[in-house]
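The values are calculated or read from the model by the stated rules, or taken from the named source; none is laboratory data. Remember, it's a predicted structure, so these values are computed and weren't measured experimentally. Neighbour counts run over all protein chains shown; Cβ positions are idealised from the backbone, glycine included. SASA here: full protein model, heavy atoms, side chains in, ligands and nucleic acids out. Shrake-Rupley method; radii C 1.70, N 1.55, O 1.52, S 1.80 Å.
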Amino acid sequence: MTTESVSFTVNDSERTTEVTGSETLLDTLRERMGLRGTKEGCLEGECGACTVLLDDRPIDSCIYPTAACAGRAVRTVEGVGEVDAPSLLQQAMVRCGGVQCGFCTPGFVMSLTALLEREANPDREAIQNAISGNICRCTGYTQIVEAVEAVLVESGRANTAQGATS
Amino acid sequence: MAIVVAESREQAQAAADAILLDIEEWEGITLERAAKGDARVIHPEWAKYVPTFGVDHPVSDNCACEVTAEPEGVDEAFARAAHIVEGTYSAQRQYRAYLEPKAATATYEHGRFVITTASQYPFNVRDRIAQLLAVRPSDVRVVGKTIGGGFGAKLDGWVEPLAALAAKVTGRTVSIRTSRAEDMLTCPTRDNATMTIRTALDAEGRMIGREFSCDMDNGAYSGEMPRLASLPLSIIGSVYKMHGPMRASVRLWYTNTAPTGAFRAVNGVYLYMAQEQHMDEIADLLGVDRREYRLRHLFTDGEKSRTGQVFEDASILRTAFDKLEEHAPWQEVLDGLKPNRGVGIAAGVWMTNPMPGEVTIKMYEDGTASLITAANDNGSGAVSMGLTQIVASALGMNEGDVRSSLPDTDVSGYDGGSRGGRTTAIVGTAALEASIRVRDKLLAVAAGLLEASPEDIELIDGHARVKGAPSSAVPLAAVAATATFTTGSISATSSYTSPPIPFDAGCASGALFTTMSTPTYHVHLAVVEVDEVTGHVEVVRYIVVQETGKVINPVGARGQVRGGVVQGIGYSLYESMRIGDDARLVERSLESYRLPLAVDVPEVEIIFMEHPDPLTGHGAKGLGEAPVVLTAAVISTAVRHATGKSFTAIPITPEDVLFALVDAESDS
Ligand code: FES
Ligand code: FES
């Protein structure tokens, strides 16, 4: 099988990898780079379990060709926080019960990390829209939304203008 | 069946593509066809089959289980009825759609299978592999992994026996990971069913007789389904009291479709849907307010259900209605409805699965403890949050110092599986008992170290301390280490199962169980808005009043309720594993199988009524299943209220609503 060499950053480190023509970013991350935090739920762009950030925007890595990442910046859940030092959002997800089985969680964390970087004080609707490409079968979503609201309060952003960009 | 084993997904796919299947096509037999009773017999050898549950439940031709009740006086009741109300209700299949498709890894070495799998019920998987591969259960070791959602789908073996067989044949470690499409095709779904309820009413509006029938789809092979055919009998008639007999006939049919199976709250969702729609129809016919009619028919404490179970605390249901009334007065809700909105109200009783569970608690010499059990977190946190919390508080330890391990059938005692809301209640009781025994051992050793009597010592903040003398204390690490090197390391094992409940053995024939263990009581209310242009139904308000026993972890408890309600919203309005005319499943991907999203869900208002169970440790009762039970009941009755049209088939899709509205227009 013919392969090509692709270079991009993953969680801020430069990576160069050989990929086959149609290889997805999900396979490259999980199988070639051993980054197993990004999950596979459907392989058809429906569930959002495989969400990563590409140049700060959430994408479904299961349908995204790695070849198209050349020169760009990929971020995965491994780059968001450490087990001993989770991000504010990750802490709030656990505390508010936004995690049950946890399989969807990395995808939600990526979509919501992007939202929190993009908007200073998103309202409930904006939060719900930001995760409209992520399926969670366990939590019923409310406690995930509450986790984001808890982060806004904690980081002093809840009183800023809603809808403004940070 | 053929299995392809290869070194990569691509290789396996290519090999599978190279296989040519020559299939002789037979007529597809769906539930509708099977229930007529004259279809081709799917298993001509049925009479030779080993009954699924050891006891010989009635089976014949395509009927995989039949449960009937034939009390006297039904025909007489109908003969003297002032009114008769009859309704037929149906529900489609629901796919569990856990986010992690099924997977398993197997090895076979020295005559033993070792299977690693994210199973809700490792001992069941062990026994299934042993059964299918004709080996002893002890020849199989099942090691659990964290579960990416299950909702009942990961209770039985499916990928595991295949992996085990392949490992034995190849002599290699074999992994199976299903794709989403494979998972959808092979995962037993919540069963589809059709029910008819016919009730005779006297001039005062009392229910003096009833006929009830229920046809359930078993699919081509049976797992737990024959057992579930007993449940309709308990449910229809356990919430609202009748003043007369009920004739019942429940039939579970073999069809040549993909098998069905137990999904969170099993058939309760559609049975309550049918019962509550029927109650609304009766109340409307009589011109009585729907809530009022329900209140008139509640049981009181100590009354017997139709199956002879005494409901000691039945009046909790009335209190639940009162709580709902305080929170959202019925008349105010009705008066405040905007155009195109409707409200539904429903009540139910649910149970806690009584299967046994076992816990071992082992102290380490660093003062931490490990909790060893085959009970597992199926997303509920019942083990990693609930059980560890129970142990930590009994032993005066920090929560982080009690760690639960993953199941291992070689190490853990038997456990009845993560299901039926049983883990916190049943396994929590075993955990509490084992903790008490560990505490006694710690106190005995600490007594020697502190030169005090055990009764005067308390366990607090990771220390054993003389009561009232905080400076007289030793760390648990020292206590545990001392024990290890003197009397022996400290551990204790306990198991628990709920006691059996007396019932009336003559209430039905063919029933495999007829009681609701550790019942809990529930009232739900939903307000929906129907979009006349698109047919879309939005749930705008949802209230849950749930009797819970003692709530151990409030955040987790609320999460269970919200998650359950949202699965129920999906069930009621979007989710449908359709079966085509050819008896094959239509849905093959999450693109056409519509799941609820964050934008679809209302804020669920939750009122817990704590009512500790006298038997279980800390008084916990089942909590995680019940929230889904009444969803289709309240949503379907609310849509009926909003539109003035009955929607007796679940899910109620936008097309159904539009058709009904167009019909209504052409009528007027
Ligand atoms: S795995 Fe990519 S969207 Fe589901
Ligand atoms: S926590 Fe299980 S799917 Fe979201």
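For the listed peptides B:199-208, B:16-25, B:32-41, a ranking on the average number of other beta carbons within 10 Å per residue, highest first, reads B:199-208, B:32-41, B:16-25.
Let me know the whole percent of all Cα-Cα pairs from chain A that are separated by more than 26 Å. Don't skip to the answer; put the middle values down first.
Values: 3800 of 13695 pairs.
Here the tail beyond 26 Å accounts for 28 percent of pairs.
Mean partner shielding of peptide B:99-106, defined as the number of other chain Cβ atoms within 10 Å of each residue Cβ, is 4. Placing R0 at 60 angstrom, the Cβ-Cβ distance between B:Glu532 and B:Asp410 gives a FRET efficiency of 0.45 after rounding to 0.05.
Here the convex hull built on the C-alpha positions of segment A:88-154 has a volume of 71 cubic angstrom per residue.
In this simple spin-label model, placing a label point 7 Å from the Cα along the Cα-to-Cβ direction at both B:Val288 and B:Glu605 gives a separation of 2.6 nm.
In the calculated pair-distance distribution of chain B, the portion above 39 angstrom amounts to 36 percent of the Cα-Cα pairs.
Pairwise Cα separations in segment B:96-186 fall into 10 Å bins from 0 onward with the following percentages, short to long: 19, 53, 24, 3.
Could you give the accessible area per residue of segment B:299-355, probe 1.4 Å, as a whole number in Å²?
Values: 2480 Å² over 57 residues.
On a per-residue basis, segment B:299-355 sits at 44 Å².
Of interest is the spacing of the C-alpha centroids, which for segment B:418-493 and segment B:600-634 amounts to 32 Å. Pairs of C-alpha atoms in the protein assembly as shown farther apart than 42 Å represent 35 percent of all such pairs.
Solvent-accessible area lost on pairing A with B (1.4 Å probe, both sides summed) amounts to about 2700 Å².
Would you mind calculating the gained length between B:Lys338 and B:Ala12 on full extension (0.36 nm times residue separation, minus the Cα-Cα distance), in nm to one decimal? Show your work: numbers first, answer last.
Working: separation 326, 0.36 × 326 = 117.36 nm, distance 5.73 nm.
Result for the pair: 111.6 nm of gain on full extension.
Rounded to two decimals, the Cα-based Rg/Rh of segment B:163-289, with Kirkwood Rh, is 1.19. The portion of the accessible surface of segment B:235-334 made up by carbon and sulfur, rounded to a whole percent, is 46 (1.4 Å probe; DNA, RNA and ligands excluded).
Panel note: contact residues of segment A:125-143 (accessible area lowered by at least 40 Å² against the chain on its own; 1.4 Å probe) correspond to A:Gln128, A:Ser132, A:Ile135, A:Arg137, A:Cys138, A:Gly140, A:Tyr141, A:Thr142, A:Gln143.
How many Cβ atoms of partner chains, on average, are near each residue of B:565-576 if near means within 10 Å of its Cβ? Don't jump to the answer; show the numbers that get you there.
Details: counts 2, 7, 3, 1, 1, 1, 0, 0, 0, 0, 0, 0.
Per residue, the average neighbour count from other chains is 1.
What chain A shows is 42 Å² of accessible area per residue, with the surface traced by a 1.4 Å probe over protein heavy atoms.
Of all accessible surface on segment A:3-79 at a 1.4 Å probe, what whole percent is carbon and sulfur? Numbers along the way, then the final one.
Values: 1370 of 3270 Å².
In segment A:3-79, the share of accessible area belonging to carbon and sulfur is 42 percent.
Only helices enter the 222 nm calculation for chain B: every DSSP H run of n ≥ 4 contributes -39,500 (n - 2.57), and dividing by all residues gives -8500 deg cm²/dmol, rounded to 500.
Excluding same-chain residues fewer than 8 positions from B:Lys304, which lysines have a Cα within less than 29 Å of its Cα? The reachable lysines, counting only those whose Cα sits under 29 Å from B:Lys304, are B:Lys241, B:Lys323, B:Lys550, B:Lys621.
Can you work out the FRET efficiency for the pair B:Glu24 and B:Asp139, with r the C-beta to C-beta distance and R0 = 35 Å, to the nearest 0.05?
After rounding, the FRET efficiency stands at 0.45.
When you have a sec, figure out the Kirkwood radius of segment B:421-482 from all distinct Cα pair distances and drop it here in Å to one decimal?
Details: mean 1/r = 0.0814 Å⁻¹.
12.3 Å is the Kirkwood radius here.
Near B:Pro612: Cβ cut-off under 10 Å, other residues only, Lys/Arg at +1 and Asp/Glu at -1. The net charge is 0. Our note on the geometry: Cα centres of segment A:20-72 and segment B:227-275, 44 Å apart. In plain terms, the chain from B:Lys48 to B:Val662 could stretch by 215.8 nm, reckoned as 0.36 nm per residue minus the Cα-Cα distance.
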